[in-house]
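The values are calculated or read from the model by the stated rules, or taken from the named source; none is laboratory data. Just so it is clear, the model here is predicted, and its values are computed rather than measured. For neighbour counting, all protein chains shown are included, and Cβ atoms are generated from backbone atoms with ideal geometry for every residue, glycine included.
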Amino acid sequence: MTVESRARTASQAVRARESTAPDFRAFLRHAAAARRRRQAAVVSLVIAALVGAALPLSRVYEDYGRIAPTQRGKHGVETPTPPRARTRSQGLGLHPGAEPRIGIAPQAGAASPGRRTETQADRVAGGGRIFYSSNGVWVMDADGSDRKQLAVGSKPDPSFDGRRVAFVRVNDECSVRSSSPNVECLEIWVMDDDGSDQRMVGRGDWPAWSPDGRRIAFMRWGSDPGPEDVYNGPTGDVYVMNADGSRVRLLAATHPDRSRPRWSPDGRWIAFASPSDGGPGCTGIYITEVDGPKQEGLDHGAGCRSGGPSWSPDGKQIAFFSSRGSNSFDMGIYVVNRDGSSLRRLTPTWDGDRPRSMLWPSWSPDGSRIAYTFDSDGAFTGGWYCRDNDNRIQGGGFQPDGCQPSGPAPEEIYVMNADGSSPRHVIQGRFPAFSP
Amino acid sequence: MREFEPVVRLAYVLCGNWSTAEDIAQDGFVIAHRKWARIADYDKPEAWVRRVVCDLAVSVIRRRVVEAKALVRLARRQRPSEEPLAAADEDFWAAVRRLPRRQAQVVALYYLEDLSIGNIAGLMECAEGTVKAHLHKARTNLAALLGEEGDA
């Protein structure tokens with residue numbers, strides 16, 4: 001008998017047990033009744049206030065607005081938080097970060113898959129295509145139109161001229177054989193930008209074309225991606241190879257979860273994420289010379305969890321994601337100059353109790369826009385989301401009526417101007433990569 | 001409400017005592033209730049409760065506190081006594097409880113709760129690769145502890 005079958009049998013035995021919990025059920029009933037009474041009291045109060053006078057009521061709200069909310073930091077310390085940014089939530093350019101609730105962010109643009117045509121006019125202007133992942137490698141125009149699936153795989157990276165695409169595919173046979181973590185089953189493939197001429201060129205993750213299209217940088221996971229101390233995270237290395245898979249060369253150590261190596265437009269440097277000395281699990285943005293010895297850390301001063309660098313087309317700036325300080329619940333998009341100066345955050349800050357992540361920025365070829373992935377806490381915390389009958393995402397509740405869980409919350413692709421203004425929801429998916 | 005029993009089972013396999021497990025689960029839900037205003041908007045509050053219960057069940061100090069409460073309640077005869085599982089199954093979960101706490105949590109969530117690697121990674125707030133590594137090591141350790149054939 002194997003451990004696997006013992007585990008299944010023992011789990012079944014436990015599941016077959018029935019537990020009795022009269023005390024708890026009574027407690028919940030009382031709690032629900034008390035909550036209803038409190039809600040009724042609040043409603044009465046509001047009605048009384050409305051009848052009383054409109055002016056005093058507005059003062060009440062003003063005062064309420066001044067009460068500084070608190071957040072519970074990673075170590076359980078209550079700290080006052082700054083006022084929530086409001087400036088970005090203007091008009092239809094509502095930024096997901098400015099939404100009061102994560103779970104409904106995709107509604108901001110009313111752009112759930114079933115309603116996409118309604119928001120066509122609200123989309124970002126400007127050309128270019130975006131390659132992205134969504135149960136396969138897809139391409140679309142930057143405004144979300146004319147999308148089509150190109151291949152089975154993920155993490156597409158178009159060449160600088162946009163004519164070839166590198167991507168990652170899991171070798172299913174290897175994945176089935178392997179009982180241990182299957183990161184060694186990841187393969188790098190290349191194809192034309194219409195999905196034709198697909199070829200496997202090597203083993204690895206997160207491919208990135210060199211500007212001349214002759215080489216590919218990529219990452220490989222360490223043989224043991226899960227050390228005992230989960231806070232230190234997995235290990236990996238950045239490599240470079242010729243576009244046909246020959247001449248694989250080790251370049252630098254990296255943090256595979258946040259890496260996505262990216263070639264600078266002048267072809268001299270590769271930016272990537274690697275463990276920093278900021279503390280356990282902390283990563284920073286580094287650049288390393290491809291054909292030389294130089295390696296620099298961008299002392300950018302953002303948070304402890306930086307990753308996903310993307311060069312601006314002129315090579316003078318790098319966009320990346322990072323946590324705000326040690327607050328891993330607030331992952332946003334930052335931009336910093338190539339020399340580490342002028343750090344600025346493009347997406348609004350977030351002080352909620354749930355993780356909110358804006359990840360994997362990608363600069364458009366004309367430098368005017370940045371695409372990124374918005375990841376609400378559904379996917380992050382293993383929670384599920386529900387859709388109601390109108391296909392809108394619902395939050396909270398213990399499986400409310402008419403709303404069945406339908407899997408991990410989706411990640412969504414947004415495009416904003418390069419200064420962080422006018423973010424627009426484009427489509428469900430992740431790992432966007434802009435292309436001519 | 002329907003979530004309570006699965007959470008009790010999860011607590012049981014991690015702490016090894018039904019009375020304690022019910023108290024741990026109850027504590028988890030009470031904490032959830034207290035923080036309801038904050039967690040009600042979660043896409044899946046149950047996941048949050050599971051994470052709390054996982055931590056409660058493997059934390060020795062907290063477990064001692066709820067065990068003490070459970071003993072008091074048993075002394076007042078508020079609960080019927082529970083029948084143990086079959087010896088082989090009891091041995092398996094006893095072995096799980098001897099694993100490092102993260103490995104034990106992953107085994108409970110993977111086999112008992114039937115959660116996917118991705119969902120466990122989200123719930124434990126770590127990478128999927130980390131969950132896979134924990135699961136792999138847990139299987140190896142369990143094979144050694146139980147004298148079974150492992151999967152490595």
Study note, to complete from the structure: Filtering strands (runs of 3 or more DSSP E) wholly in the range A:284-327 for at least 2 residues that are under 19 Å from B:ALA127 (Cβ atoms) and without any contact (Cβ under 8 Å) to a residue 40 or more places away in the chain gives A:317-324
Check your understanding: Out of the residues in the range B:115-149 that are modelled with pLDDT under 85 and under 13 Å from the mean Cα position of the chain (by Cα), which is nearest to the other protein chains (Cβ to nearest Cβ)?
Key -> B:LEU123
Check your understanding: Taking the range A:271-284 only, how many residues are among the aliphatic types (A, V, I, L, M) and at pLDDT 90 or above?
Key -> 1
Check your understanding: A:ASP330: in contact (Cβ under 8 Å) with a residue 60 or more places away in the chain and farther than 18 Å from A:TRP363 by Cβ, yes or no?
Key -> no
Check your understanding: Quick one: would you say A:ARG268 is modelled with pLDDT of 80 or more and surrounded by 23 or more Cβ atoms within 10 Å (Cβ to Cβ)?
Key -> no
